[in-house]
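Undergrad: Got a structure here, written out as structure tokens. Questions coming.
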Amino acid sequence: MAEIAARAGAQIGSLYRFFPNKEVLADALIHRYGELVDAAFGAIEGRAVSLSVDDLADALVNILVELHGETRAVLALLEARSEWSGKRAEFRSAALRRIAQILMLRSPQLRPETADDIAVVLLHNMKTMKALTLEQGIATSPGAVAELREMNRLYLGSKLAKKRSF
């Protein structure tokens, strides 16, 4: 609550005018985060067909970096309550579905099972990009972000290349 109040520039007590308790506030924040993630994937989805593979790879790998301010608060909430492990699984499943859907839009010849597998790898790359870009104290180097971006582009390019039949 203190972190939320500080980010809002408000006193903790003023939050209770809008939210009767911590659980209602937490639910509202989680719901808002879900909407933000959904909108971010929607923006990529709307351009998936016209983006180059490199631009698609960059857009996907940057989602968590771009939502960093929101991600920290929500992750803290989800980790604070063991009963919200279902919410974590729900967010992960939704992200994987959206990534696979974007891949299928970009490359309709892709088998759904393959799109699901690629989505898992991309989600891990997204988390790694966030860690390399924003987290303090991890083993990294100045060129690591560029290397991960290049790796992601090459990987996605190899997976989305149209297979030729002779």
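The values are calculated or read from the model by the stated rules, or taken from the named source; none is laboratory data. Keep in mind the model is a prediction, meaning the values are calculated, not measured. Backbone-built Cβ (ideal geometry, glycine too); neighbour counts: all protein chains shown.
Undergrad: Residues in region 101-120 that are assigned to a helix (DSSP H, G or I) and either touching a Leu at 6+ places or on another chain (Cβ under 9 Å) or of a type in the set (D, E, K, R) (or both): how many? Can you show your working first?
TA: Step one: list which residues in region 101-120 are assigned to a helix (DSSP H, G or I), which gives 101-106, 112-120.
After this cut, where a residue has to be either touching a Leu at 6+ places or on another chain (Cβ under 9 Å) or of a type in the set (D, E, K, R) (or both) as well, the list is 102-104, 106, 113-120.
Within region 101-120, residues that are assigned to a helix (DSSP H, G or I) and either touching a Leu at 6+ places or on another chain (Cβ under 9 Å) or of a type in the set (D, E, K, R) (or both) number 12.
Undergrad: What are the residue pairs meeting all of these: first residue in region 147-162, first residue closer than 16 Å to D117 by Cα and at pLDDT below 95, second residue not charged (D, E, K, R) and not in a helix (DSSP H, G or I), Cβ atoms under 6 Å, and 6 or more apart or on different chains?
TA: Matching pairs, first to second residue: L160/S107.
Undergrad: List pairs: first residue in region 114-132 and under 18 Å from L160 (Cα atoms), second residue charged (D, E, K, R) and buried (at least 19 other Cβ atoms within 10 Å of the Cβ) anywhere in the structure, Cβ distance under 7 angstrom, at least six positions apart or on different chains.
TA: Listed by first residue and then by second, the contacts come to nothing, as the list is empty.
Undergrad: For region 42-55, check the following and say yes or no: at least one residue is touching a residue at least 60 places away in the same chain (Cβ under 8 Å) and under 12 Å from the mean Cα position of the chain (by Cα). Full working, then the answer.
TA: Our first condition is that a residue be touching a residue at least 60 places away in the same chain (Cβ under 8 Å); within region 42-55, this holds for 45, 53-54.
Next, from what is left, pick out any that are under 12 Å from the mean Cα position of the chain (by Cα): none.
Looking for residues that are touching a residue at least 60 places away in the same chain (Cβ under 8 Å) and under 12 Å from the mean Cα position of the chain (by Cα), one finds none in region 42-55, hence no.
Undergrad: Against the definition (surrounded by fewer than 16 Cβ atoms within 10 Å (Cβ to Cβ), at pLDDT 85 or above, small (G, A, S) and not in a helix (DSSP H, G or I)), how does S50 come out, yes or no?
TA: Numbers: surrounded by fewer than 16 Cβ atoms within 10 Å (Cβ to Cβ): yes; at pLDDT 85 or above: yes; small (G, A, S): yes; not in a helix (DSSP H, G or I): yes.
So S50 fits the description; yes.
Undergrad: Now, a different point. Being hydrophobic (A, V, I, L, M, F, W, C) and closer than 17 Å to S158 by Cβ is the filter; apply it to region 105-123 and report the residue that is surrounded by the most Cβ atoms within 10 Å (Cβ to Cβ). Explain how you work it out, then say what you get.
TA: Quick first cut of region 105-123, residues hydrophobic (A, V, I, L, M, F, W, C) only: 105, 110, 115, 118-123.
Then keep just the ones that are closer than 17 Å to S158 by Cβ; that gives 110, 115, 118-122.
Numbers: L110: 19, A115: 22, I118: 20, A119: 21, V120: 13, V121: 14, L122: 24.
So, considering only residues that are hydrophobic (A, V, I, L, M, F, W, C) and closer than 17 Å to S158 by Cβ, the one surrounded by the most Cβ atoms within 10 Å (Cβ to Cβ) is L122.
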